[in-house]
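Engineer: Before anything else, here's the structure in question.
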Amino acid sequence: MRFAIKVILIAILAFLLQQVMPWWIIALVCFFVTLVIKSSGFTDFMAGFLGIGLLWLLMAWWIDHETNSMLTTKIAQLLGVGQAYIVILATGLIGSIVGGLAALSGHFVRKSFT
């Protein structure tokens, strides 16, 4: 139950704060959520990984859908990957890694003080 709450809380807070702050606010959200809500290191990493990964994947897909794949196709051509869906998947993976590592950092900071 705590895991699901963390994932949802991370996704919602990151979505709201990304509207008015830079992209790296996701790291601070993951860090502070796992700092406050106690669980194991793997669970914290997975909460940040899934919360931000799914959020960025859905946001990238939504932007791709709303722009009729114009931007994603141009970025895919620029990077030389060929397909627009690879750019969307890469976006989700980068967000997942940042979120997971930030959440794990929050876990270790909390653990160092207890």
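The values are calculated or read from the model by the stated rules, or taken from the named source; none is laboratory data. Predicted model, so just to flag it, every value in this text is computed and none were measured. We place every Cβ from the backbone using ideal geometry, glycine too, and count neighbours over all the protein chains shown.
Engineer: Considering only the range 35-44, I want to know if a residue exists there that is more than 22 Å from M1 (Cα to Cα) and touching a residue at least 24 places away in the same chain (Cβ under 8 Å).
Structural biologist: No; the residues of the range 35-44 include none that is more than 22 Å from M1 (Cα to Cα) and touching a residue at least 24 places away in the same chain (Cβ under 8 Å).
Engineer: Taking the range 16-43, which residues are among the hydrophobic types (A, V, I, L, M, F, W, C) and assigned to a loop (DSSP other than H, G, I, E, B)? Quick ask: steps written out before the conclusion?
Structural biologist: We begin by selecting, within the range 16-43, every residue among the hydrophobic types (A, V, I, L, M, F, W, C); these are 16-17, 20-21, 23-33, 35-37, 42.
Of everything in the range 16-43, those that are among the hydrophobic types (A, V, I, L, M, F, W, C) and assigned to a loop (DSSP other than H, G, I, E, B) turn out to be V20, M21, W23, W24, I37.
Engineer: On to the next question. Which residue out of L101, L58, L13 is in contact (Cβ under 8 Å) with a residue 24 or more places away in the chain and of a type outside the set (V, I, T)?
Structural biologist: Details: L58 fails: in contact (Cβ under 8 Å) with a residue 24 or more places away in the chain; L13 fails: in contact (Cβ under 8 Å) with a residue 24 or more places away in the chain.
Testing whether each residue is in contact (Cβ under 8 Å) with a residue 24 or more places away in the chain and of a type outside the set (V, I, T) leaves just L101.
Engineer: Of all residues in the range 13-27, count the ones that are more than 15 Å from A103 (Cβ to Cβ) and surrounded by fewer than 16 Cβ atoms within 10 Å (Cβ to Cβ).
Structural biologist: 7
Engineer: Contact list please: Cβ distance under 7 Å, first residue in the range 61-87 and among the aromatic types (F, W, Y), second residue not in a loop (DSSP other than H, G, I, E, B), pairs at least six apart or on different chains.
Structural biologist: W61/I88
Engineer: Going through I75, I97, I37 one at a time, which residue ends up being modelled with pLDDT under 95 and within 22 Å of I25 (Cβ to Cβ)? If you could, list the steps in order and put the result at the bottom.
Structural biologist: Values: I75 fails: within 22 Å of I25 (Cβ to Cβ); I97 fails: modelled with pLDDT under 95.
It is I37.
Engineer: Going residue by residue through the range 72-93, is there one that turns out to be of a type in the set (F, W, Y), buried (at least 17 other Cβ atoms within 10 Å of the Cβ), over 11 Å from the mean Cα position of the chain (by Cα) and assigned to a helix (DSSP H, G or I)?
Structural biologist: Filtering the range 72-93 down to residues of a type in the set (F, W, Y) leaves 85.
Those left that are additionally buried (at least 17 other Cβ atoms within 10 Å of the Cβ): none.
No, that holds for no residue.
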